[in-house]
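Asks: Pasting a structure below so you can have a look.
Computed from the coordinates by the stated procedures, all read-outs in this text should not be read as laboratory data. Everything quoted here is computed from the prediction, not taken from an experiment. Every residue, glycine among them, receives a Cβ derived from its backbone with ideal geometry; neighbour counts consider all protein chains shown.
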Protein chains: 2
Amino acid sequence: MDNIEKLFASKNIRVTAMRLLIYKFLAEKQIAVTLSDIENAFDKADRTTLYRTIKTFEEKVIVHQIDDGTGITKYALCEKGCNCDIETDLHLHFHCNNCNETICLTDHKIPQIKVPEGFVSENVNLVVKGICDKCSGY
Amino acid sequence: MDNIEKLFASKNIRVTAMRLLIYKFLAEKQIAVTLSDIENAFDKADRTTLYRTIKTFEEKVIVHQIDDGTGITKYALCEKGCNCDIETDLHLHFHCNNCNETICLTDHKIPQIKVPEGFVSENVNLVVKGICDKCSGY
DNA sequence: GTATTAATGCACTTCCATTGCATGGTATTT
DNA sequence: AAATACCATGCAATGGAAGTGCATTAATAC
Ligand SMILES: [Mn+2]
Ligand SMILES: [Mn+2]
Ligand SMILES: [Zn+2]
Ligand SMILES: [Zn+2]
């Protein structure tokens, strides 16, 4: 996993054990995770470190934040070469009402949304809620 | 405002002074409000009462909850005869990055969103962020 | 190896949301 | 109208997530 170290270097952040672990954790999971998910996975680590690690990742566009309406912020790894900060790149998120998991639908981009005259759209958050493929028995 | 009393009766909730006041407050405002907005408007009233009043309103589909991504839950009156619980009736919300106000765009319904096979869409939350008409000087 | 700079750990804080329980008020029954 | 049942309110306390200050420790640069 030398790749991760290169990624960190390209973002000008130091390579630390904790950061590598958290990155791998996020990479393994195919779903968006909360801070307490990470806490539970690394219960020997300090909460603040986990918090600041994820905030650093966010700042450096290694992860993006997801507000799925549960009231708890979730995070997921950004796609390689994504532009999560640019509106046109935004994908939608799916929250399963059954298993409570939230996933990125990275190749489902958000359609152009019409707003009334005088309004300027800068950013769009779109969350679809329902039943995921695993839970629908597909 | 005898109408409000009839509305309450139709929802099987008692008519109380506080409920009437809060309802009127929401009706006057054209924007979504937080609980602390209501607290500030009625500083002699108890927070819990305000909280439970708005929760009752929500349960009875008198108001709907709005998650605009600020992390603080907002509320706005439902349209007369709305079906806020049904997907097809959902409108979008606009959050102004300048004045921080959030409004319902009640006649901007959310377009049909395609989800991958196996996924079942039950509900959609769509928040557009940008500059509102007042702030854009329209 | 030393200096510099950034990451970590611990304690503490703030803010919003939510609940338990006692009390007060409104509607319903007799 | 009095008694009863039911619901609304007020006060106090709690929980959970998010964020900050500061001392210590580890990673990079020289
Ligand atoms: Mn995503
Ligand atoms: Mn609305
Ligand atoms: Zn599911
Ligand atoms: Zn504005």
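Asks: If I build a Gaussian network model for chain A, linking alpha-carbon pairs within less than 10 angstrom, which residue out of A:GLU101, A:GLU39, A:GLU122 has the largest mean-square fluctuation?
Replies: A:GLU122
Asks: Calculate the dipole size of region A:3-136 relative to its Cα centre from +1 charges on Lys and Arg beta carbons and -1 charges on Asp and Glu beta carbons; express the result in debye to the nearest 20.
Replies: That gives a dipole near 480 debye.
Asks: Using Stokes-Einstein with the Kirkwood hydrodynamic radius over Cα pairs, what translational diffusion coefficient do you get for region B:1-74 at 37 °C and a viscosity of 0.692 mPa s, in µm²/s rounded to a whole number? Don't skip to the answer; put the middle values down first.
Replies: Details: Rh = 12.8 Å.
D = 257 µm²/s.
Asks: Can you give the angle from 0 to 90° between the axis of helix A:17-28 and the longest principal axis of chain A, with both taken from C-alpha atoms, to the nearest 10?
Replies: Approximately 40 degrees, to the nearest 10.
Asks: Using only Cα atoms and rounding to the nearest 10 degrees, what angle (0 to 90) does helix A:47-59 make with the longest principal axis of chain A?
Replies: 60
Asks: Amide H to amide H, which residues 5 or more places from A:VAL63 or on other chains are under 5 Å from it, using H placed in the peptide plane?
Replies: Counting only residues 5 or more places away or on other chains, the set is A:GLU58, A:CYS78.
Asks: What fraction of the DSSP beta bridges in region A:3-136 is antiparallel, stated in percent and rounded to the nearest 5?
Replies: The answer is about 75 percent antiparallel.
Asks: Of B:LYS24/B:LYS114; B:LYS74/B:LYS134; A:LYS55/B:LYS134; B:LYS11/B:LYS74; A:LYS134/B:LYS129, which sit over 27 Å apart, Cα to Cα? Show your work: numbers first, answer last.
Replies: Working: B:LYS24/B:LYS114 39 Å; B:LYS74/B:LYS134 20 Å; A:LYS55/B:LYS134 33 Å; B:LYS11/B:LYS74 22 Å; A:LYS134/B:LYS129 32 Å.
Beyond 27 Å between Cα atoms: B:LYS24/B:LYS114; A:LYS55/B:LYS134; A:LYS134/B:LYS129.
Asks: Give a quick list of chymotrypsin sites (Phe, Trp or Tyr not before Pro) in region B:1-56 that DSSP marks as loop, anything other than H, G, I, E or B, with at most 12 other Cβ atoms within 10 Å.
Replies: Numbers: sites: B:PHE8, B:TYR23, B:PHE25, B:PHE42, B:TYR51; in loops: B:PHE42.
In loop regions of region B:1-56 (DSSP not H, G, I, E or B), there are no sparsely surrounded chymotrypsin sites (Phe, Trp or Tyr not before Pro).
Asks: Distance in nm between label sites at B:GLN65 and A:ASN123, each 7 Å beyond Cα in the beta-carbon direction?
Replies: Placing both labels 7 Å along Cα→Cβ, they lie 2.2 nm apart.
Asks: Now a separate question. Over region B:1-77, what is the relative contact order in percent, taking alpha-carbon pairs closer than 8 angstrom and at least six residues apart? Don't skip to the end; give the middle numbers.
Replies: Details: 58 pairs, mean separation 21.0, N = 77.
Over region B:1-77, the number comes to 27 percent.
Asks: What is the distance in Å between the Cα centres of region B:48-65 and region A:1-33?
Replies: Each part reduced to its Cα centre gives a spacing of 43 Å.
Asks: Still on this structure: Mind checking the dipole of region A:60-119: about its Cα centre, +1 per Lys or Arg Cβ, -1 per Asp or Glu Cβ, Debye to the nearest 20?
Replies: 100
Asks: For chain B, divide the Cα radius of gyration by the Kirkwood radius and give the resulting Rg/Rh value with two decimals.
Replies: Reported Rg/Rh, Kirkwood definition of Rh: 0.99.
Asks: Report the longest stretch of chain B that contains none of the trypsin sites (Lys or Arg not before Pro) sitting in a DSSP loop with at most 10 other Cβ atoms within 10 Å.
Replies: Result, exposed sites excluded: B:81-138.
Asks: Under the √(5λ) rule applied to the eigenvalues of the Cα gyration tensor, what semi-axes describe the equivalent ellipsoid of region B:63-138? Give them in Å, descending.
Replies: 24, 15, 12
Asks: Next up: With both bridge residues required to lie in the protein assembly as shown, what share of the DSSP beta bridges run antiparallel, to the nearest 5%?
Replies: Looking only at bridges with both residues in the protein assembly as shown, the antiparallel portion is about 80 percent.
Asks: Any number yet on Rg/Rh for the protein assembly as shown, C-alpha, Kirkwood?
Replies: Working: Rg = 21.2 Å, Rh = 20.9 Å.
My calculation of the ratio gives 1.01.
Asks: Now for a separate question. Identify, among A:VAL115, A:TYR23, A:CYS78, the residue whose Cα sits farthest towards the positive end of the charge dipole of region A:3-136, taking +1 on the Cβ of Lys and Arg and -1 on the Cβ of Asp and Glu, with the dipole about the Cα centre.
Replies: Most positive-ward Cα: A:TYR23.
Asks: Treating only the Cβ of Lys, Arg, Asp and Glu as charged (+1, +1, -1, -1), what charge dipole size does the protein assembly as shown show about its Cα centre? Round to the nearest 20 debye.
Replies: 480
Asks: How well do other chains shield peptide B:68-79, expressed as the mean number of their Cβ atoms within 10 Å of each residue Cβ?
Replies: Values: counts 2, 5, 1, 4, 1, 1, 0, 0, 0, 0, 0, 0.
Mean shielding by partner chains, rounded to a whole number: 1.
Asks: Through the Karplus equation 6.51 cos²θ - 1.76 cosθ + 1.60, θ set to phi - 60°, convert the phi angles of region A:103-111 into ³J(HN,Hα) values in whole Hz; use x for Gly and Pro.
Replies: 10, 7, 9, 5, 9, 10, 6, 6, x
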